[in-house]
C-alpha cells in the first residue's frame, strides 16, 4: 500500500465522518461533525495500521497476524465511547441516535481503512438517509413522540 492509497483511505473515512456528523451538528447535538470525523478517521488509521503491520510481518518474518483482532478491539472500544454519549433523565433516554451514528462512523472508518470503497459509499448513503430523511418521516407515524429529541 503506497502513500496515495493511504491518503485515499484516510480521506474517504474523514469525509464520510464529516457527512455523517452534519445532521447532528445542524441540530446542535454535541457529537457533531468533528466527533464523527475523528471517530471515522481514527478507525481508518487503526485499520490501515493493522493491514500494514500484517503485510510487513508476513514479508519480513514470514509471520502472520490476524488483522481482524484490530477490528474486534476497535469495535469494543467504540462501544464504550457510544455508550458514554447516552444518558437517562427520569424516564427518558437521550442520544441513542447519536451513539448509533458514532458507531456507524467507526464502521465506516474501518471499511475505509480496509479499502472497501463500495461498502463505505453504501454505508454513508444509508446512514445519511436514516439520520435525515427518516427523522422527517417519523413525525407522521401515529403515536410517535420522536420529534427532535435526540
Of (1) surrounded by fewer than 18 Cβ atoms within 10 Å (Cβ to Cβ); (2) within 16 Å of the chain's Cα centre (by Cα), residue 69 satisfies all except one. Which? (2)
Residue by residue through the range 57-66, note down the ones that are out of contact with any helix residue (DSSP H, G or I) (no Cβ under 6 Å at 6 or more places or on another chain) and surrounded by fewer than 13 Cβ atoms within 10 Å (Cβ to Cβ). 58, 59, 60, 61, 62, 66
How about the range 62-88: which of its residues are farther than 27 Å from residue 130 by Cβ and at pLDDT below 80? 62, 63, 64, 65, 66, 67
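Can you pull out the residues in the range 97-122 that are over 19 Å from residue 25 (Cβ atoms) and within 11 Å of the chain's Cα centre (by Cα)? Explain how you work it out, then say what you get.
Just the residues of the range 97-122 that are over 19 Å from residue 25 (Cβ atoms), to begin with: 107, 110-122.
Once the filter is applied, which keeps residues that are over 19 Å from residue 25 (Cβ atoms) and within 11 Å of the chain's Cα centre (by Cα), the range 97-122 yields 107, 110, 111, 112, 120.
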Modelled with pLDDT under 85 and surrounded by fewer than 17 Cβ atoms within 10 Å (Cβ to Cβ), is that true of residue 91? yes
Mind checking whether some residue in the range 1-24 is under 13 Å from the mean Cα position of the chain (by Cα), without any contact (Cβ under 8 Å) to a residue 12 or more places away in the chain, within 18 Å of residue 124 (Cβ to Cβ) and surrounded by 19 or more Cβ atoms within 10 Å (Cβ to Cβ)? no
Looking at (1) within 17 Å of the chain's Cα centre (by Cα); (2) closer than 30 Å to residue 134 by Cα, which one does residue 94 not meet, given that it meets all the others? (1)
How many residues does the range 95-150 contain that are over 22 Å from residue 38 (Cβ atoms), assigned to a helix (DSSP H, G or I) and either modelled with pLDDT under 90 or touching a helix residue (DSSP H, G or I) at 6+ places or on another chain (Cβ under 7 Å) (or both)? 7
Exactly one of 122, 102, 33 is in contact (Cβ under 8 Å) with a residue 24 or more places away in the chain and under 23 Å from residue 15 (Cα atoms), and that residue is 102
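The values are calculated or read from the model by the stated rules, or taken from the named source; none is laboratory data. Fair warning: this is a prediction, and the values are worked out from it, not measured in the lab. Here the Cβ is made from the backbone with ideal geometry for all residues, glycine too, and neighbour counts use every protein chain on show.
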